[in-house]
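Some notes on the structure that comes next.
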Amino acid sequence: MLQLFLLGALGPLLVGELRMSRAMLGLTTTAGFGAAAVLSPVAGRVVDRVGPRRCLIALLWLVGVALALIAWAPAYGVLLAAVAVGGVPQALANPATNKVIRAAVPVARRGAVTGAKQSGVQLGAFAAGLPLAALAGGIGWRGAVWVAASLAVVAALWAVRGLPADALPDDPSLCAVGKPDGGGMSSAGPGANSVVGSAVGWLLVFSLLLGAGVASVNTYLALFGAQRLGLAPTSASVLVAVLGLAGIAGRMGWSRAAGQPGRAVVLPAVLAGGAVVAGLLLVAALRVPVLVWVSAVAVGVFAVAGNAVSMVVVIQRAAPGRAGRDSALVSAGFFAGFAVGPPAFGALVESSGYGPGWLLVAVEFAAACLVAAAWAVRARCRTGGGARA
């Protein structure tokens, strides 16, 4: 996910050198996440069949290739193609890592481990917004992206040497079948498969709406700070770092709380509600600029954490052998939101300004809140108020 945050954090430099409009910057996100959304269902099946180790090694090499192409890109078209290449490892990431968690982590610890894993995304936001953005100030944005590509290659070499063989099944021994503490669904009763499918469908729609708003903030927050609030490019990039640090705390804290399935059902609606407030704070920042920092924290704590909680729910409810595919379907919704959100935001900002753009983000978060609340009510009704959805 580092390429997304790099494009956002380095946006003020990119738009100048490559002569990009704000709408064109949004289309770079569409290229990457459009590819990820289209490929995610296939990627889930590949992970289930090939194994997570091979897929994790492959995705790290692909990240290195994509970042190297971004660093080299001489024109906007090449940049779009490079970002599209980066969509392939994004499609593989959640199915592979969630399958490892299902296989190797006891039920009681899955929420916390999932939160730590998902926080790696926000660590990328911090890296792009602070050290790499500062490095770009000294050696240029291309040099900073070359450094990022080198780090991906190092990670790939570590994965080749450090990851265990694909010898673990999809956790039949660790899965607490039919128990309310979040185990597997394979023997939960005759309605289990339809219940699981229902949860995945609702979470897919929720993730699409949430992703549209989160991607708009990730892509345009630094540019908003530089163009509208008068921040220097490096200071504007720090906004992305703040969002990343807040996202780490939010994902780890809320995912741990979601380790109890009864809480996991209601948390997506709660987090989306907090995200609505964060979107409205961005609107208010046009008049009170200091609120942009408060909003960056709120987006991280609430909106960014929502995706991590969705992954906890999937891990809790996936049937044995389907963890990769179910993760991929929910991820496809999130990636689709990332693909459509920034272009819509950029076009609206070009025609009407940042105020309507941030209002659109708040509306997307509100719609996600309504979907999550409807699912929570339906899930509790179907289970008589129980924890399973």
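The values are calculated or read from the model by the stated rules, or taken from the named source; none is laboratory data. All figures in this text were calculated on a predicted structure; none of them were measured in a lab. A quick note on method: Cβ atoms are made from the backbone with ideal geometry, for glycine too, and the neighbour counts reach across all protein chains shown. Surface areas here come from the heavy atoms of the whole protein model, side chains and all, with no ligands, DNA or RNA. Shrake-Rupley method; radii C 1.70, N 1.55, O 1.52, S 1.80 Å.
Ignoring any ligand, DNA or RNA, what whole percent of the accessible area of the chain comes from carbon and sulfur when the probe is 1.4 angstrom?
Details: 9880 of 13990 Å².
Taking all protein chains in place, the chain shows 71 percent carbon and sulfur surface.
Mind pulling the angle between the C-alpha long axis of helix 87-104 and the longest principal axis of the chain? Nearest 10 degrees, somewhere in 0 to 90.
For 87-104 against the chain, the angle is about 30 degrees.
Does the range 274-389 classify as rounded, prolate or oblate by the C-alpha gyration tensor (a ≥ b ≥ c root eigenvalues; a/c under 1.5 gives rounded; else a/b over b/c gives prolate, otherwise oblate)?
prolate
Report the label-to-label distance for Ala108 and Arg45 in nanometres (one decimal), using points 7 Å from each Cα along the Cα→Cβ vector.
About 3.9 nm, to one decimal.
Could you calculate the FRET efficiency of Arg287 with Arg142 from 1/(1 + (r/R0)^6), where r is the beta carbon distance between them and R0 is 45 Å, rounded to 0.05?
0.75
Can you give the accessible area per residue of the chain, in Å², using a 1.4 Å probe?
I get 36 Å² per residue for this part.
For a test of the definition: using alpha carbon positions, the gyration tensor, and the 1.5 limit on a/c, classify the range 62-127 as rounded, prolate or oblate. Don't skip to the answer; put the middle values down first.
Details: a/c = 4.41, a/b = 2.51, b/c = 1.75.
Note, shape of the range 62-127 comes out prolate.
Using only protein heavy atoms and a 1.4 Å probe, report how much of Trp202 is accessible, in Å² to the nearest 10.
Its accessible surface works out to 70 Å², give or take rounding.
If I fit a long axis through the Cα atoms of helix 110-129 and take the longest principal axis of the Cα atoms of the chain, what angle between them do I get, 0 to 90°, rounded to 10?
So the helix axis and the longest Cα principal axis differ by about 10 degrees.
Applying a 10 Å radius around every beta-carbon, put 306-313, 105-112, 156-163 in order of their mean neighbour count, most first.
Numbers: 306-313: 29.1, 105-112: 18.1, 156-163: 12.8.
Order by mean packing, descending: 306-313, 105-112, 156-163.
So I have [x] 33.0; [y] 20.6; [z] 16.5, and one of them is mean projected area of the Cα convex hull in nm² calculated from this model. Which one is it?
Matching entry in [x] 33.0; [y] 20.6; [z] 16.5: [z].
How many angstrom separate the Cα center of the range 24-42 from the Cα center of the range 262-276?
26 Å
Quote the accessible area belonging to Phe206 in square angstrom, nearest 10, computed with a 1.4 Å probe and with ligands, DNA and RNA left uncounted.
We get 0 Å² for Phe206.
Let me check something: with ligands and nucleic acids excluded, how do Cys381, Cys369, Cys55 order by accessible area (1.4 Å probe), largest to smallest?
Cys381, Cys369, Cys55
From the square roots a ≥ b ≥ c of the eigenvalues of the alpha-carbon gyration tensor of the range 240-299, which class results: rounded (a/c under 1.5), prolate (a/b over b/c), or oblate? Each step should come with its number before you reach the end.
Numbers: a/c = 5.16, a/b = 1.90, b/c = 2.72.
Oblate.
On the full set of protein chains, 1.4 Å probe, figure out the accessible area of Val301 and give it in Å² to the nearest 10.
40 Å²
In nm, what is the difference between 0.36 nm times the number of residues separating Trp158 and Glu350 and their Cα-Cα distance?
That pair, Trp158 and Glu350, stretches by 64.7 nm at full extension.
Express in whole angstrom the spacing between the alpha-carbon centres of the range 280-341 and the range 106-170.
So the two Cα centres are separated by 18 Å.
What number, rounded to the nearest 500 deg cm²/dmol, is the helix-based mean residue ellipticity at 222 nm of the chain, given -39500 (n - 2.57) per DSSP H run of at least four residues and division by all its residues?
Numbers: 15 runs with 310 residues, N = 389.
Taken over the chain, the calculation gives -27500 deg cm²/dmol.
What is the helix-to-structure angle for 76-85, meaning the angle in degrees between its Cα long axis and the longest Cα principal axis of the chain, kept from 0 to 90 and rounded to the nearest 10?
The angle comes out near 20 degrees.
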